[in-house]
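Right, one structure below, let's go through it.
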Amino acid sequence: MSDPWFDHDNRILSEINVTPLVDVALVLLVVFMITAPMLVQGADVNLPRTERMDVLPQDQLTIQITKTGQIRLNDVAVPFEELAERLSPRVTPGRSVLVYADAEVQHGLVMQVVAVAHLLGANPGIVTEPIPDR
């Protein structure tokens, strides 16, 4: 009877079967591909519509104002009283800060947030959605 760990010359077989490794890697790839889009979380903001909207850079500093008046700095909830303190270390003079404000938010709150960003030296901009073609 032969031992599966030794060949006919009594040497240890040290070959690695890579098939299970490839199977596990492919399963993990599929799992991550399915779950990655679900990890993106953001505030539910209904943007106002305008005639034209330029393409926006992807690595922007963003402030979101939800319908309920909650303020989020890059998807992290921040009370208005702490906005300047949390925004200050991230802002350099002339840096763009994009403000996503729900269409139903009071104009005064939006302008207060824009004013805070402006006073810190940022270049705030209000983001809108384009009006769909008819």
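Computed from the coordinates by the stated procedures, all read-outs in this text should not be read as laboratory data. Nothing here was measured: the structure is a model prediction, and the numbers come from that model. When we count neighbours, we look across all protein chains shown, and the Cβ atoms used for this are built from the backbone with ideal geometry, even at glycine.
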Give a residue-ordered list of calculated ³J(HN,Hα) values for the range 117-129 (Karplus: 6.51 cos²θ - 1.76 cosθ + 1.60, θ = phi - 60°; whole Hz; x for Gly, Pro). 4, 5, 5, 7, x, 7, 10, x, x, 9, 8, 10, 9
Step through the residues of the range 66-78 one at a time and calculate ³J(HN,Hα) from phi using the Karplus curve (6.51 cos²θ - 1.76 cosθ + 1.60, θ = phi - 60°), rounding each to whole Hz and writing x for Gly and Pro. 7, 4, 7, x, 6, 9, 10, 9, 6, 6, 10, 4, 9
The range 49-130: C-alpha gyration tensor shape, a/c 1.5 cut-off, then a/b vs b/c: oblate
Can you give the relative contact order of the range 49-130 as a percent, counting alpha carbon pairs under 8 Å and 6+ residues apart? 37 percent
If the chain between GLN60 and ALA115 were fully extended at 0.36 nm per residue, the gain over the current Cα-Cα distance would be 18.0 nm
Between ASN17 and GLU104, how high is the FRET efficiency from 1/(1 + (r/R0)^6) when r is the Cβ-Cβ distance and R₀ = 41 Å? Nearest 0.05. 0.10
Cα-projected label distance for ASN123 with LEU28, points at 7 Å along beta-carbon direction, nm: 4.3 nm
Placed amide H near LEU61: partners under 5 Å, 5+ positions off or other chain: LEU98
Between the residues LEU120, TYR100, ALA84, the Cα farthest towards the positive end of the dipole of the range 49-130, that dipole coming from +1 and -1 charges on the beta-carbon of Lys, Arg, Asp and Glu, is from LEU120
